[in-house]
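Student: Can you read through this structure? Questions will come right after.
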Amino acid sequence: MKSKNFSRRDFIQKGTLASIAATTIVGSSFGQSPVVSKITDKKQTKFNYPSSATKKLTKLLNIEYPIIQAPTAGVINSSFTSAVSNNGGLGALPLSWSEPDYAIKQIEAVKGKTKNSFFANFVLNFEPKAFDIAIENGVPIIQFSWGMPTKKMATKMKAAKVVLGIQVTSEASAKAALDLGADYLVCQGTEAGGHVHASRPLAEALERVLKIAGDVPVVASGGIATGHKMREYMQMGASGVVMGSRFVATVESRGHDIYKKSLVKAKAEDTVFTTCMNKGFENTTHRILRNSTFEMWESAGCPAIGNRPGETDTIVKYGEDIHVERYSINSPGSFYTGNIEAMANYAGTSINDINDIPTVAELIKRIWKEFLDK
């Protein structure tokens, strides 16, 4: 039986502003010490909800609450996406590695379960094979990360009246996105789980991006799991927030039970910002839970690809034919059997605030109550 790697199965994006633990990049060429960022009291006192920026975002995205589900590939299916949308948030449909025929089925499945808004996400380190299909099949919003769409792609979206969202991390990337006509920006910080293209803590990155965004809504992403944390970033000027790890730890999530329970049990200091789990998406940093694979790699001196211990080990399987090797980017979906702990258990620093596994409906209701409680 031939062993092979599946397409990337991970999630993008997820914290505390007062204390960011274990944020040093391990085994990376740009390791750095943790940075602590705080929001000033002055900014906090000026916040009134809803702000004009939030009104613009919720109208633009056609959602009730300014809460966006991170496109956590590998643990999302149509039921999970539609649950978020049906409860007032913006559900995510990851299509980065989808072939056109599969993408059509996924889009139809989501549209069959919700009449509300949702978005398709494309990681542009990979060819967006389903991009045209998404437009042709009525996806109302398309969001990009790890790169900028071409002018041709942006023009095609504008012609079809598809809302354009782009993930950014700095003034330069924000300017590039705005020049392409982005309708909203997703500002990511290093607190995020999954593959993280940010290089600064969220508070710092958000402050920089907001300075040049003008009247274009900016959404905060990274380390957010509660309404209280959501309010803090919106006090800074964010129009809304993205939540990844918090949504993964829900009943509807397709994540493996072992993975979900790990998110509840672990704390921010149990995460590592590293380049370890990169088989299938090389040269990228990501935040995961410290596990046996990482410990094995770190104890060997963080060797390069091709020299890592246990590199060809099969750690999990899916059915008879799909084997996933150690260091693969695949996220721990419920369909895998084997050593789930040794996989890339993506997690943001927001896990400090994850203490249970509620339904999506219960979670969004709770988040909104926390947000409104000053």
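Student: When the residues of the range 77-94 are filtered to those that are more than 16 Å from the chain's Cα centre (by Cα) and within 20 Å of Phe335 (Cβ to Cβ), which remaining residue is surrounded by the fewest Cβ atoms within 10 Å (Cβ to Cβ)?
Tutor: Filtering the range 77-94 for residues that are more than 16 Å from the chain's Cα centre (by Cα) and within 20 Å of Phe335 (Cβ to Cβ), the one surrounded by the fewest Cβ atoms within 10 Å (Cβ to Cβ) comes out as Ser79.
Student: Let me ask you something else. Could you please find all residues in the range 297-337 being among the β-branched types (Val, Ile, Thr) and farther than 30 Å from Phe80 by Cβ?
Tutor: Ile305, Thr312
Student: Restricting attention to the range 184-207, which residues are among the hydrophobic types (A, V, I, L, M, F, W, C), farther than 19 Å from Lys151 by Cα, touching a helix residue (DSSP H, G or I) at 6+ places or on another chain (Cβ under 8 Å) and outside any loop (DSSP other than H, G, I, E, B)?
Tutor: Within the range 184-207, Cys187, Leu202, Ala203, Leu206 meet the criteria.
Student: For the range 276-338, give me every one of the strands (runs of 3 or more DSSP E) that falls completely inside it and has 1 or more residues that are surrounded by fewer than 21 Cβ atoms within 10 Å (Cβ to Cβ) and among the basic types (Lys, Arg). Step through it out loud before you land on a result.
Tutor: Details: elements: 286-289, 314-318, 322-325.
Because the criterion is at least 1 residues that are surrounded by fewer than 21 Cβ atoms within 10 Å (Cβ to Cβ) and among the basic types (Lys, Arg), the strands (runs of 3 or more DSSP E) in the range 276-338 that meet it are 314-318.
Student: Here's a check for you: in the range 308-339, which residue that is among the hydrophobic types (A, V, I, L, M, F, W, C) and more than 20 Å from the chain's Cα centre (by Cα) is modelled with the lowest pLDDT?
Tutor: By that ranking, first place goes to Ile322.
Student: A further question follows. Please find, among Val242, Val248, the residue that is out of contact with any Leu (no Cβ under 7 Å at 6 or more places or on another chain), of a type in the set (Val, Ile, Thr) and modelled with pLDDT of 95 or more. Don't jump to the end; show me each part of the working.
Tutor: Numbers: Val248 fails: out of contact with any Leu (no Cβ under 7 Å at 6 or more places or on another chain).
Of the residues listed, the single one that is out of contact with any Leu (no Cβ under 7 Å at 6 or more places or on another chain), of a type in the set (Val, Ile, Thr) and modelled with pLDDT of 95 or more is Val242.
Student: With respect to Lys261, determine if the residue is crowded, with 19+ Cβ neighbours inside 10 Å and either at pLDDT 95 or above or over 20 Å from Ala70 (Cα atoms) (or both).
Tutor: No: the conditions fail for Lys261.
Student: Which condition number does Asp270 fail, the rest of (1) of a type in the set (Asp, Glu); (2) in the same structural domain as Tyr336 (by TED's automatic domain parsing); (3) farther than 12 Å from Gly193 by Cβ being met?
Tutor: (3)
The values are calculated or read from the model by the stated rules, or taken from the named source; none is laboratory data. These numbers were taken from a predicted model, which means no experiment stands behind them. Quick reminder, even Gly has a Cβ in these numbers, built from the backbone with ideal geometry, and neighbours come from all protein chains shown.
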